[in-house]
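Novice: Have a look at this one before I ask anything.
Nothing in this text is a laboratory measurement; each read-out follows from the coordinates by a stated rule. Computed from a prediction, not measured in an experiment: that's the story for all the values here. In this analysis, Cβ positions are derived from the backbone assuming ideal geometry, glycine residues included, and neighbour counts consider all displayed protein chains.
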Amino acid sequence: MKTISNMSRRVMLGVMGAAMLAAMPAAGFAENAKLKIGFVGVTSGPAAAWGTSNVRSMETLAAWYNELGGVKIGEVTYDLDIVTFDDQKDPKRAIAGMEKMAQEGIHYVVGPNVDDGAAAVRPVAEANGIIYFPYAFPKSLYEKPASNAVLGMIANYQSGPAIYKYLMENKGVKKVAFVAANESDPLSQRDGGVAAAKALGLEVVAQNDTYQNDTRDFSPVLTPIVALKPDLLVLSGVAPANAPLLIRAARELGYEGLISTETAQDAKVLEEGAGELANGFISVGGASTPEIASDRMKEFVERYTKMFGEYNDESNTKVYALDYILETLKASPAALDNVEEFKKAMDTFSAPNPYLKGDAKLTYVGSTSFGQKRQVAVPMVVNEYKDGAFETLFVGTVD
Amino acid sequence: MEQVIANGLYLGAQYALIALGLTLIFALMNVLNFAHGQMYVLGGFITYTVYGQLGLPFVVALLASGMTLAVIGALMEKYLFRTVIKRSHREESTMLLAAATAFFFDAVILLIFGEKQRGVPKIVKGVFNTDGLIMPYDRIAVGALAIVFIAAFILYMQYSRPGRAMRALAQDRVAAQLMGVAVERYSMIGFAMGAMLAGIVGGLLVTITGVNSGIGGPISIKAFMMVMIGGAGVVGGAIAGGFILGMMESVGLTVLREYGDVTYLVIFAALMVFLSIRPNGLMGKPWG
C-alpha cells in the first residue's frame, strides 16, 4: 500500500508538473486574443499547387505577424490562427469546408481555387456571414446580388484583352486560334478570351478545338489548328502539366507564331518539357517583378522559402488576400463580427501597398467588370519565358 | 491527310506497345491489371531520374526502367497475385487486388516524385519535313523502337522455350501443367514481362510526352480500350487495337474538331456498338 501511495504521489506530482509546464507558454502569450482566418481550397491531387501557394503564403505571413507581437485591430491585439481545409477540388467537399469555417465562427476565408467550388460555397458563405476570396472567375460571384465574394487575383477576361492588345500593337497579331481542355474552367476562359479577341477586332480562326485533360500527345489536336496559320495560339486555362506538351507539339508541327495563356505557369516544367521550344511563351505571372518588389516582398519571399524549402511565383499574388482582410479590419474593427461593416468599408478602403515600391495602394477594384468593388487590386504581370526563366513583358492594372 | 495518317500510325505504335503487357498478363493469369498505367508511370519516372537527372545514357535508363518493373512484376505475382489466386476462386478478388496495387503505386509515385510534370532532353533532335508531312525525328525513333520491341516480343513468344510455355499456359493452364510446364515459374516470368513492357514504354515515351504522377489511371483506361477492341489475351488483338485506336483518335480530332471534344464520345459509342456485336473483340480467343 505504501508503494502504491508513493507511486500515486509521484504520478500526481508529475501530472501537476506537466500541467504547469504546458500552461507556461500559454501564459506567455495570454495577452493576445486569437483571430481565426480560414482557407478552403485544393491542397492535394494534380491541382495541389494552386491551394498550397495560398496556404503557405497565409502561414508565412501569420508566423511573421505573430513573431512581431500580433496584429492590432481596434483596441485589441490578435495572434493569427490559419484554419485550413483541403476541398480536393470537389465542390461537395468545398461546401463541407465552408460549413466547418462557419461552425468555428470564422468570418473571413481565402479560397476556393476553382469555379465550381467557389460557386458551390456561395449559399453557405452568404447564410453564415462569411466573406470569401476565391481564385475563380465566374462573374456571377462578384456581381449583384452576390456580395460576399472578393476575387483574389486578375481574371482571364481582364488579362486576356490586355495581352491581345499588347500583341496587336507590338507584334502585329491579327489572327488568333484558341484551344482548351474540355473542362469547365478552361472552357469558360476560352469563351471569355474569344469574346475579348473579337471585341478587339482580331480574326478568330479556331475556337471549338478542345482536348481531354489527360491527353499525352497533342499532335493530332494541333495539326488542323497549325494548318490555319494563326499569328497567336491561345492555350486557354492550360494546366502547367499540359503547357509544355502543347508548345512542343505546335513548334514541332512547324508553328512559328506566338503562343500565350492567361494562367500562371512553372518555368522549370516548361524547361524540362519543351526546352528552347518554349522560348517566347507568354503567360500571366505572380503579381510582382524584381523591378517593382518592395523590401517587404523580398523578405516575404525569403521567409516563405525558409519555411517551405521552395518558392512559388504564384505566391506573389496569393500573399495579398490575408493583408487585404487584415487592413480592412483595421480600417473597420466592427467588421470583425459583422461582414456588412466590411462590405461598407470596401467602397472607400485604401491603405499603403507594402509589397510594391513607391506609393501604390491596397484598394478594392472591379467596378468595370462587376459593377461593384469586389476584387483586390494587384499588379497584372505578364511574363515571357526565356531559357528557363520568366522575363517581365509588361505590368498592367485592372479596375 | 498524310499528316493525319502519320499521327495515327505513330500513336498506334505507342498504344500497341502499351497494350501488349496488359494483354500478356491477362492471357496468362486471367488478371485485369489495373496497375498497368501506374507501372508505365513508374517506368517513365525511372528514365527521368537516370537519364534526365543523373545524366546517364538513355539506353541505361531504359534498361533500368525495364529491369526495375520486371522485378516489381515478379514480386507482385509471387507474393500477391499467386497467393490470392490460390486462396480465392472468385475472379473479382484479383481485380480488387489489382485496383489496390494501382492506388498504392499512385500514392508511392506521388510521394517520391511529386505532383509536377517532368520531362527529359530529346533523344534525337530535328524534324523530318516534306510537303504535307512533318514528323520530329525523335517520334520516328520512338515509333521505330516500338515496332522493334513488338516484333521482338512476337518472335520471343513464338519461338523461344519460355514463349511456347507461356502460350501453352494461356491456352489451357491445367493441360499445360499436365504436360510438364512449370506453371508458377512461367506465370511469374509472364507477369514480369508484362510489367517490363509497361516500364519500357513509359521510359520511351517520357522523351516525347514527359510524365506526371496523375496519368496512370487514364493510361490504364486507354490500354483496356485497345484490349477490348482487339480481344483480351491476344497479342495480335492488342496490336490491332492500338493501331485502330490511334487512327480513330487522329482522324476524329481532325474531322470532328469543329464540334468540340466529341472524338472520344464517338469512339466510346462505336466501341459499345462494336462490343455488343463482337463481345470478344476482333480476335477474341486466347493465344492459339
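Novice: Please give the charge dipole size of the range B:2-277, origin at the Cα centre, charges +1 on K and R Cβ atoms and -1 on D and E Cβ atoms. Round to the nearest 20 debye.
Specialist: 800 debye
Novice: Starting from the Cα gyration tensor of chain A, multiply each eigenvalue by 5, take the square root, and state the resulting semi-axes largest first in whole Å.
Specialist: Its equivalent ellipsoid spans semi-axes of 43, 24, 20 Å.
Novice: I've got another one for you. Note the full-extension length gain between A:ASN338 and A:ARG296 as 0.36 nm times their separation in residues minus their Cα-Cα distance, in nm to one decimal.
Specialist: 12.1 nm
Novice: Sticking with this structure for a sec: From the alpha carbon gyration tensor of chain B, can you work out the equivalent ellipsoid semi-axes (sqrt of 5 times each eigenvalue) and give them in Å, largest to smallest?
Specialist: One finds semi-axes of 30, 23, 18 Å for chain B.
Novice: What residue among A:VAL395, A:LEU202, B:ILE72 has its Cα farthest toward the positive end of the dipole of the protein assembly as shown, where the charges are +1 on Lys, Arg and -1 on Asp, Glu, each on the Cβ?
Specialist: So the residue furthest toward the plus end is B:ILE72.
Novice: Using θ = phi - 60° and the Karplus curve 6.51 cos²θ - 1.76 cosθ + 1.60, what whole-Hz ³J(HN,Hα) does each residue of the range A:141-152 get, with Gly and Pro shown as x?
Specialist: Result, rounded to whole Hz: 6, 10, 8, 4, x, 5, 8, 9, 9, 10, 5, x.
Novice: Also, quick follow-up: Where nothing but the Cβ of Lys and Arg (+1) and of Asp and Glu (-1) is charged, how large is the charge dipole of the protein assembly as shown around its Cα centre, in debye to the nearest 20?
Specialist: 2140 debye
Novice: Between B:PHE274 and B:VAL59, what length comes free when the chain is fully extended (0.36 nm per residue of separation minus the Cα-Cα distance, one decimal in nm)?
Specialist: 73.4 nm
Novice: Considering the dipole of the protein assembly as shown built from charges on the beta carbon (Lys and Arg +1, Asp and Glu -1) around the Cα centre, which of A:THR261, A:ALA49, A:ALA360 is farthest to its positive end?
Specialist: It is A:ALA49.
Novice: For the protein assembly as shown, build the charge dipole from Cβ charges (+1 Lys, Arg; -1 Asp, Glu) around the Cα centre, then report which of B:PRO121, B:ILE267, A:LEU277 sits farthest towards its positive end.
Specialist: Final value for the positive-end residue is B:ILE267.
Novice: Further question on the same structure: What percentages make up the Cα-Cα pair-distance distribution of the range A:236-287 when the bins are 10 Å wide from 0?
Specialist: Here the calculated profile for the range A:236-287 is 27, 61, 11, 0.
Novice: Checking a compactness column here: for the protein assembly as shown, what do you get for Rg(Cα) / (2.2 N^0.38 Å), N being the number of residues?
Specialist: That works out to 1.10 for the protein assembly as shown.
Novice: Could you work out Rg/(2.2 N^0.38 Å) for the range A:223-320, with Rg from alpha carbons only?
Specialist: Relative to the rule-of-thumb radius for its length, the range A:223-320 sits at 1.27.
Novice: Rounded to two decimals, what ratio of Rg to Rh does the range B:78-170 give with C-alpha atoms and a Kirkwood Rh?
Specialist: That ratio is 1.14, to two decimals.
Novice: Which ordering of A:VAL221, A:VAL194 is given by a fewest-first count of other beta-carbon atoms within 10 Å?
Specialist: A:VAL194, A:VAL221
Novice: Which value at 222 nm does the protein assembly as shown reach when only helices count, each DSSP H run of 4 or more adding -39,500 (n - 2.57), with the total divided by all residues and rounded to the nearest 500 deg cm²/dmol?
Specialist: -18000 deg cm²/dmol
Novice: Going Cα to Cα from A:LYS298, which lysines come in below 22 Å? Please leave out same-chain ones fewer than 8 positions away.
Specialist: Leaving aside lysines fewer than 8 places away in the same chain, those within reach of A:LYS298 are A:LYS268, A:LYS306, A:LYS318, A:LYS357, A:LYS361.
Novice: Would you count, across chain B, every pair of lysines whose alpha carbons are under 28 angstrom apart, provided the pair is eight or more residues apart or spans two chains?
Specialist: 8
Novice: Residues in the range A:212-251 near a label at B:TYR137, defined as backbone nitrogen under 16 Å from the 7 Å Cα→Cβ point?
Specialist: Nothing falls inside the zone, counting backbone N under 16 Å.
Novice: For B:ASN7, what is the net charge nearby, where nearby means another residue's Cβ is under 14 Å from its Cβ and Lys, Arg count +1, Asp, Glu -1?
Specialist: On the way: positive: A:ARG216, B:ARG139, B:ARG257; negative: A:ASP217, A:GLU252, B:GLU2, B:GLU249.
Spelling it out: positives minus negatives among the neighbours equals -1.
Novice: Moving on. Step through the residues of the range A:49-63 one at a time and calculate ³J(HN,Hα) from phi using the Karplus curve (6.51 cos²θ - 1.76 cosθ + 1.60, θ = phi - 60°), rounding each to whole Hz and writing x for Gly and Pro.
Specialist: Coupling constants for the range A:49-63: 4, 4, x, 4, 5, 5, 4, 5, 4, 5, 5, 5, 5, 4, 4 Hz.
Novice: Take the Cα coordinates of the range A:322-399, assign each an equal point scatterer, and use the Debye formula without solvent to give log10 I(q)/I(0) at q = 0.23, 0.27 Å⁻¹.
Specialist: So the normalised log intensities are -1.07, -1.26.
Novice: Under unit Cβ charges (Lys, Arg +1; Asp, Glu -1), what dipole magnitude, rounded to 20 debye, does chain A have relative to its Cα centre?
Specialist: Values: 38 positive and 49 negative charges, 153 e Å.
Here chain A has a charge dipole of around 740 debye.
Novice: Another question, if that's okay. Please return the longest stretch of chain A lacking exposed loop sites, where GluC sites (Glu not before Pro) count only if DSSP places them in a loop and at most 15 other Cβ atoms lie within 10 Å.
Specialist: Result, exposed sites excluded: A:105-255.
Novice: Using a Förster distance of 41 Å, how high is the FRET efficiency between B:TYR259 and B:GLU91, based on the Cβ-Cβ distance and rounded to 0.05? Mind dumping the intermediate values first?
Specialist: Numbers: r = 40 Å, r/R0 = 0.96.
In this case the efficiency is close to 0.55.
Novice: Translational diffusion coefficient, Stokes-Einstein: compute it for the range B:1-144 using the Kirkwood radius over C-alpha pairs as Rh, at 4 °C and 1.567 mPa s, and state it as an integer in µm² s⁻¹.
Specialist: It diffuses with D of about 74 µm²/s by this estimate.
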